[in-house]
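Note sheet for the following structure.
What follows is calculated from the coordinates using simple rules that are stated; it is not laboratory data. This one's a predicted model, so the numbers in the text were calculated from it and none came from an experiment. Using ideal geometry, Cβ is built from the backbone for each residue, glycine included, and neighbour counts are taken over all protein chains shown.
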Protein chains: 4
Amino acid sequence: MAGNSIGKIFTLTSFGESHGTAIGGVIDGCPAGLEIDFEFIRSEMQRRRPGFSDLSSPRKEEDEVEFLSGIFEGKTTGTPIGFIIKNKDQQSKDYDQIKDRYRPSHADFTYDQKYGIRDYRGGGRSSARETACRVVAGAIAKMILKHQGIEIIGFVSEIGGIGIDQQIDSLNIKNIESSPVRCPDKVIEKQMINLIEQTKAAGDTLGGVVTCIIKNTPAGLGEPVFDKLEAELAKAIMSINAVKGFEIGSGFQAARMKGSEHNDIFESDGSRISTLTNHSGGVQGGISNGMDIVFKAAFKPVATLMRDQKTVDSEGNTTILAGKGRHDVCVVPRAVPIVEAMAAIVLADFLLRNRSARISGQ
Amino acid sequence: MAGNSIGKIFTLTSFGESHGTAIGGVIDGCPAGLEIDFEFIRSEMQRRRPGFSDLSSPRKEEDEVEFLSGIFEGKTTGTPIGFIIKNKDQQSKDYDQIKDRYRPSHADFTYDQKYGIRDYRGGGRSSARETACRVVAGAIAKMILKHQGIEIIGFVSEIGGIGIDQQIDSLNIKNIESSPVRCPDKVIEKQMINLIEQTKAAGDTLGGVVTCIIKNTPAGLGEPVFDKLEAELAKAIMSINAVKGFEIGSGFQAARMKGSEHNDIFESDGSRISTLTNHSGGVQGGISNGMDIVFKAAFKPVATLMRDQKTVDSEGNTTILAGKGRHDVCVVPRAVPIVEAMAAIVLADFLLRNRSARISGQ
Amino acid sequence: MAGNSIGKIFTLTSFGESHGTAIGGVIDGCPAGLEIDFEFIRSEMQRRRPGFSDLSSPRKEEDEVEFLSGIFEGKTTGTPIGFIIKNKDQQSKDYDQIKDRYRPSHADFTYDQKYGIRDYRGGGRSSARETACRVVAGAIAKMILKHQGIEIIGFVSEIGGIGIDQQIDSLNIKNIESSPVRCPDKVIEKQMINLIEQTKAAGDTLGGVVTCIIKNTPAGLGEPVFDKLEAELAKAIMSINAVKGFEIGSGFQAARMKGSEHNDIFESDGSRISTLTNHSGGVQGGISNGMDIVFKAAFKPVATLMRDQKTVDSEGNTTILAGKGRHDVCVVPRAVPIVEAMAAIVLADFLLRNRSARISGQ
Amino acid sequence: MAGNSIGKIFTLTSFGESHGTAIGGVIDGCPAGLEIDFEFIRSEMQRRRPGFSDLSSPRKEEDEVEFLSGIFEGKTTGTPIGFIIKNKDQQSKDYDQIKDRYRPSHADFTYDQKYGIRDYRGGGRSSARETACRVVAGAIAKMILKHQGIEIIGFVSEIGGIGIDQQIDSLNIKNIESSPVRCPDKVIEKQMINLIEQTKAAGDTLGGVVTCIIKNTPAGLGEPVFDKLEAELAKAIMSINAVKGFEIGSGFQAARMKGSEHNDIFESDGSRISTLTNHSGGVQGGISNGMDIVFKAAFKPVATLMRDQKTVDSEGNTTILAGKGRHDVCVVPRAVPIVEAMAAIVLADFLLRNRSARISGQ
């Protein structure tokens, strides 16, 4: 399969450019009989929307999802769910400056090198706009997970070097969505906001880290040896624009620990086996162990600056790319629902794949 | 497809348990007419072998690869390459202690939860022994890459918190294979060796970081939006036993940088467009840009200790797992050829996938 | 992958029910730089349309294809091509009679059994309406084939037992599209039309056979041992509604021939090796040999009758299904472009897959 | 994936050439906990063996299957099942005559055209020897099916134009395995044997038809719209060497019937809905309806003759291919277990895929 599909049983195939007619996708393999909560889908789309707080870009995308198939009388029918989201913002004149100039750390140059042709309007296919389709599929995946009691919680744990020190268990998860930076720690949140405002004034941009916790996952999900749970998660998360790093559980910190510190000791309360610590991040040998799945994604700073930058054009001539007037300083808070969506797609797929693990069924 | 295959065109399907008759695999999609360098395969297998230095476990695996098909008169024929590696070490009595006990931070518990049955001998399928098959396929992938001049260089950049500070460009790559810890920095190497010896004396274990550089990659490899180059690399690397983190280019450090620092400015020498810095790690928008691809993998410390550990058995009773007599303290140096192999498989697959990028062919 | 995608490199994922908002699809893996002939797509859609002759149902579907992505300034960009076709005919009141009754030899019963829920309006997903999406993808596949000079010609060779006796080579291909039954033999055409009219008067329906010829295929297409050219063709053709049989070359007739009659003897004109006969149908060992690929598809008679039929409802009660007022007697002529489309999708996919056959490229 | 894998959940990846070291395969996705009946596997291999009757070639292949992984203490573990079958017959001197000559209606020419290189010994990968691996996987698939009470029965219904007239229901299935031509009709069997002996005397060969019945399939198997049950079956069957045609249910006969004759009328006995006739062959809309699945496969006559034939060499020169001394006249009886194996693989895969049809599980 070409690169615009993800999943083995629960699959999303997406399409669409930033400034074409519409973006959209096909969700295939969603089991029949799932009740669709359209209000929930709208709220997930709203969470991803630019301008969810005063700190991000004011562009209004309404991002209304039109479902075209696969749902009948409010339930999935087992047939593919086609959907589109129309693009409202199609003034292509805005993009003449980048037609022949390669924006630094964007995909203009690489798309040209690969395909020999490029829809330059607003980044085309490489624009983060395509992530809206991931959120649609993620919302439906979350409904599948909810059937099993599985819940996914993402938040911003670091922006521009300012990060949360607290243990995950002591965080107040309820603060996340009310925070303009989706940070559950009120003290850190303020520091992040200050940094964003300073950076905005300087015409510069910031990156950060999203942490994601998946609760109530049953033991047994993941398909070794290549489709390990953390491997498919890593792929899904690293496929999001601007992600440069992925960690599960102890992550890079694991490299600095002794085995005696890192090993998660098993214990049993008589009915359920669990581990005292969770350095494994809920995954051992590529299969979930029933503990919380915990992972992190590092986002680079936004590549579009509000300052001029030197670059080259498609013929190799040195030129100047003018800074953009108004733009996001930091998209990490908006990335939270996208990270959650990708995690949901991966988990829903593994839930269904796991139905074939045993001859006796589940 | 079930989870034991990787790749879309150049694919490896692997099989085998640690203490079964043999492990092996099928490489399908290898183009015809590739001359096979059997000596190179042997040397790659040798690089992965336990006991390549005095620092690691003395167990001798000869790991002789028997090719059963797909090669005729020294060349690939385009048909699948089947191969096996016989298991020499099959004394199953060694493994009675772990038959019903769950080793901490191993996959015993999760395999039982998933499948309801488990080949407990030596870890069975979850043993790192299966990575030998990855090295076989990786060696053949490297031969495909060599046709394009692409080269893959891995080394150990950190063990137990002791890491290289030097810039990648200033490292002496020629030191790697002569180093017992595969570290190109002679000063750091000594510190690593000391730490390993101390840790061994304490019956404990260590993790570390492997850095990998892919040189001379043409621009254009990678298949957005889900099969981005860094996404497939992340999956392949995270599917290796004990890996807890993956970074491309600036990785988690990106989250702490400003956009103006992080952006890689384009320049041209008249014939070729390149970037002044390489925070992108050779990939922009999921597609290679022609710069070196640079990534890191974090390995947790070895879970098998030479000390006793508390654990539970399959019925949830608390029990003690006895420490093993002689075992690896740190497998990170041995992981280098495995990391390289997975990178080679991913790159070879993308090279072939890219042949369909344009209607006019390549 | 779930069942709504076809192809490995050139892929179509389709969605949509007969009476939902729209049907559509995503074509992924189409190489960049292909000039899109929109007029050709319209003409292919027109060929499939009901009512192309007086002999078929007068329902007007305009079937206007809206392309949403993947095409820029008239050319493919290498990104996925999303498209939709709106459904015009959505009066669901027409379909109350089949809501709880199982139409004989339709898919009402089996969809209910599989999914436990069914969009009963007009057959929902099982309606032949979804084949419109196949024609869209097929039209684009034909443009890829045209680059190589490959041409696909389908026609009706049999209706209700009345069939062409002539050798394929002696048929006048130019007669096909001007014939209301897409039969190139003028004498047989008249007999077919007579039979259709008699059958219509009797309220009954007819099946038939479509023959398809693929000209100028290069030798070398097909991927043994499972993805043989004839195997993928068979799958693609058998996935069309109402197809009950598939033959390549000599087909079932082969079973009645001696080896000495059936073998296709090679000859050479000095520059090109060909065969004297073509019982192989252009395929040997699953790979094209450069001769015309010739195959046949058998269609069962239309299951919807203009007569009452006995059946059961979803609770197993015997009931009567009223005959429909006006309906197609024979859809085989309309199936010709669908058969061609599926053949084109398979061939385009094999052309791209074949780019990886040799290490030296193409 | 390259072309040597089949299946989506239950998958077989096969490898091996006729005269290499060994053939073999990997069965991935077989659920854990399946008890393996090794005696049954041996008997299935025996059924496929050349020389099962005096009528076929006397070459003795013992075809001993060595399982290398995935089975522990007699049960599947959910990990991939690797197996090999060593090649005993490796005298390559026999094959010098075909090194540079293209045998008519074999794959010598097409493999050369595709790959530019070919293992000419005994047909290499294109030899029917690879079907032994299909029988291994098929035997395991049959064990999965047996769990659901599903049974597969294949027999020879036609050889060289001599065919069974009886209705399927009136055939005595118990006669099949005791018949040297696997024909359940004793009168027809004798005629077939006579024809084979006459043809042998003439140095010529025969083709035929295998009919296959799958009993007790639950309703609901098959994944429209592209992976319809009959579509995947057709692909699997057409991928067998020498198959030129496939029919489900009424097959090509459907094209000659009226709708009123062909429609299968539903009836109910109060607890189960079935159909009065079974022209559909157990499949409606691509999904099983609970009736017997009935299909046919047409085999061309053996291409290797015991007579001289004209041909060309790889440089296009006309030459003579000498007739072989002793060879099979008709392989159709031996093809029966191969046809059954492919049907079993397809059905087992669909059983597992169907576990994801509904949100509530099965």
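Each residue, C:Gln46 and D:His147, gets one label point 7 Å from its Cα in the Cβ direction; the gap between the two is 5.5 nm. The angle between the Cα long axis of helix B:229-238 and the longest principal axis of the Cα atoms of chain B comes to about 10 degrees, rounded to the nearest 10. The Rg/Rh ratio for the stretch B:161-246, using Cα coordinates for both the radius of gyration and the Kirkwood hydrodynamic radius, is 1.05.
Counting Cβ atoms of other protein chains within 10 Å of each Cβ in B:157-169 and taking the mean gives 1.
Just check the stretch B:105-239 against the gyration tensor rule for me: Cα atoms, a ≥ b ≥ c as the square roots of the eigenvalues, rounded for a/c under 1.5, and otherwise prolate or oblate depending on whether a/b exceeds b/c. The shape class here is oblate. For a test of the definition: using alpha carbon positions, the gyration tensor, and the 1.5 limit on a/c, classify the protein assembly as shown as rounded, prolate or oblate. Prolate, because a/c is 1.5 or more and a/b exceeds b/c.
Note on B:269-282: average number of Cβ atoms from other chains within 10 Å of each residue's Cβ is 3.
Taking Lys and Arg as +1 and Asp and Glu as -1, the other residues whose beta-carbon sits under 9 Å from that of B:Thr13 total -2. Summing charges over neighbours of A:Ala303, with a neighbour being any other residue whose Cβ is under 10 Å away from its Cβ, gives +1 when K and R count +1 and D and E count -1. The ellipsoid that matches the Cα gyration tensor of the stretch A:255-304 has semi-axes, each √(5λ) in whole angstrom, of 29, 15, 8, with the longest given first. In this structure, the residue pairs whose Cα-Cα separation is over 25 Å, taken from A:Lys75/C:Lys324; C:Lys244/D:Lys146; A:Lys114/B:Lys146; C:Lys235/D:Lys88; D:Lys75/D:Lys146; C:Lys88/C:Lys235, are A:Lys75/C:Lys324; C:Lys244/D:Lys146; C:Lys235/D:Lys88; C:Lys88/C:Lys235.
Distance from the Cα centroid of the stretch B:198-233 to that of the stretch B:16-41 is 22 Å (rounded to whole angstrom).
Packing here is the average count of other Cβ atoms within 10 Å per residue, and on that basis the peptides A:22-34, C:105-117, C:341-353, highest first, run C:341-353, A:22-34, C:105-117. A simple spin-label model places pseudo-atoms 7 Å from Cα toward Cβ; at C:Ser271 and D:Glu39 they are separated by 6.6 nm. Between 0 and 90 degrees, the angle of helix D:332-353 with respect to the longest Cα principal axis of chain D falls at about 40 degrees. Quick one: helix D:131-147 against the long Cα principal axis of chain D, what's the angle to the nearest 10°, folded into 0 to 90? Tilt relative to chain D: about 10 degrees. The Cα center of the stretch A:271-332 and the Cα center of the stretch C:295-337 differ in position by 55 Å.
Here the chain B residue lying nearest the rotation axis onto D, judged by its C-beta and given with the distance in whole angstrom, is B:Thr13, 2. The residues packed around A:Ala219, meaning those with a beta-carbon under 11 Å from its beta-carbon, carry a net charge of +1 if Lys and Arg are +1 and Asp and Glu are -1. Shielding of peptide A:285-296 by partners, expressed as the average count of other chain Cβ atoms within 10 Å per residue Cβ, is 4.
Label positions at A:Glu64 and D:Arg326, each projected 7 Å from the Cα along the C-beta direction, are separated by 8.0 nm.
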